[in-house]
Amino acid sequence: MATRDIIKTLRPKQWIKNLFVFAPLVFSVQFLNPPSVVAAIQAFLSFCLVSGALYTLNDLFDIEEDRRHPTKRNRPLASGRLKKQTAVITLIISGLTGLALAFSLNLPFLLIILGYIILQLLYSPWLKHVVIIDIFVVAAGFLLRVIAGAVAIRVAISSWLLICTTLLALFLSMTKRRHEYFLLPGEAAAHRPVLNEYSPYLLDQMISVVTASTLIAYCLYTVSEETIAKFQTRNLILTTPFVLYGIFRYLYLVHQKNQGSTPEELVIKDKPLLVDIILWIISVAVILYFR
């Protein structure tokens, strides 16, 4: 049971977010280059171990808040199944192993990992209590993963990829806040004080702006002269229906099914959304690698 609780505290289900590390590998058309693939996998594992350590640290910080949450109170630390001492040892081993992998990759990647750690350390005690900034910090985590993926395989990162990643990350962060707000009616601020600064209207307005911006940015990316010149094809525009459906499906789950607290789990559990993402990946791969 202790081993299961340790693994659960590292939150391997949320490691799916670290797949953003592979975005530069795919869009730099390096997916068939073995050294680049190995470097990207190493970067992914490094982020998994470091983020697992940070999740453990976050649970140590938030034990009392989690005990007031209807689902988070079942976490190993909040429920008391996992001892604090064991959690501390776990985060040290996981964190140091992740940093060792980062160091063996290259220095710029290690610096990005350290920057990610510093950002998360500032987030738990302080930044997560600052309205709007809390959303941007969560989104910054996704952006750093993409930048780290480019640094790991030593390729230049497209400004379009940075823009689309930032907007998508903001979309996921805002819908997550909305779910938290409605999950605990009247008690949301007790779990996360910053939710007292939000309102359904404000969150829905911000989500609307980011949703439209994400769709427009992706469409412009697919038809930009820079993209066409880079990939020598105009067919990337054909992948936009999958992006449209994915975002609309996600909004449906958030607004109609009251889901969205854990985007990484939602992607796996909702079969239509998962199938759509797989079809998008296949279509991108076919267009970029078999043109």
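The values are calculated or read from the model by the stated rules, or taken from the named source; none is laboratory data. All of these numbers come straight from a predicted model, not from anything done at the bench. Cβ placement follows ideal geometry from the backbone for every residue including glycine, while neighbour counts extend to all protein chains displayed. Areas reflect the complete protein model, heavy atoms only, side chains present, ligands, DNA and RNA absent. Shrake-Rupley method; radii C 1.70, N 1.55, O 1.52, S 1.80 Å.
For the range 189-245, which positions are over 18 Å from residue 26 (Cβ atoms), open to solvent by 30 Å² or more (accessible area, probe 1.4 Å) and among the polar types (S, T, N, Q)?
Hits for the range 189-245 are 196, 199, 205, 208, 213.
Provide a single number: the residues in the range 64-87 that are of a type in the set (A, V, I, L, M) and surrounded by fewer than 18 Cβ atoms within 10 Å (Cβ to Cβ).
The number of residues fulfilling the criteria is 0.
Cβ-Cβ under 6 Å, sequence separation 6+ or interchain: first residue in the range 226-251 and in contact (Cβ under 8 Å) with a residue 24 or more places away in the chain, partner among the small types (Gly, Ala, Ser) and in a helix (DSSP H, G or I). Which pairs?
239/283
I need a count of the residues in the range 46-79 that are not in a helix (DSSP H, G or I) and not basic (Lys, Arg).
Residues that pass the stated criteria total 4.
Conditions first: (1) buried (at least 18 other Cβ atoms within 10 Å of the Cβ); (2) free of Cβ contacts under 8 Å to residues at least 40 places away in the same chain. Residue 257 passes all but one, so which condition is the exception?
Here residue 257 clears every test but (1).
Given the conditions (1) closer than 19 Å to residue 65 by Cβ; (2) in contact with a helix residue (DSSP H, G or I) (Cβ under 6 Å, 6 or more places away or on another chain); (3) open to solvent by 60 Å² or more (accessible area, probe 1.4 Å), which single one is not true for residue 108?
In the conditions (1) closer than 19 Å to residue 65 by Cβ; (2) in contact with a helix residue (DSSP H, G or I) (Cβ under 6 Å, 6 or more places away or on another chain); (3) open to solvent by 60 Å² or more (accessible area, probe 1.4 Å), residue 108 misses (1) alone.
Just checking, which of 19, 49, 25 is aliphatic (A, V, I, L, M), at pLDDT 90 or above and more than 17 Å from residue 98 (Cβ to Cβ)?
Numbers: 19 fails: more than 17 Å from residue 98 (Cβ to Cβ); 49 fails: more than 17 Å from residue 98 (Cβ to Cβ).
Answer to the selection: 25.
Which residue pairs have Cβ atoms under 9 Å apart, sit 6 or more places apart or on different chains, and have a first residue in the range 24-49 that is farther than 10 Å from residue 153 by Cα and a second that is open to solvent by 50 Å² or more (accessible area, probe 1.4 Å) and of a type in the set (Lys, Arg)?
Within 9 Å, the pairs are 27/230; 29/230.
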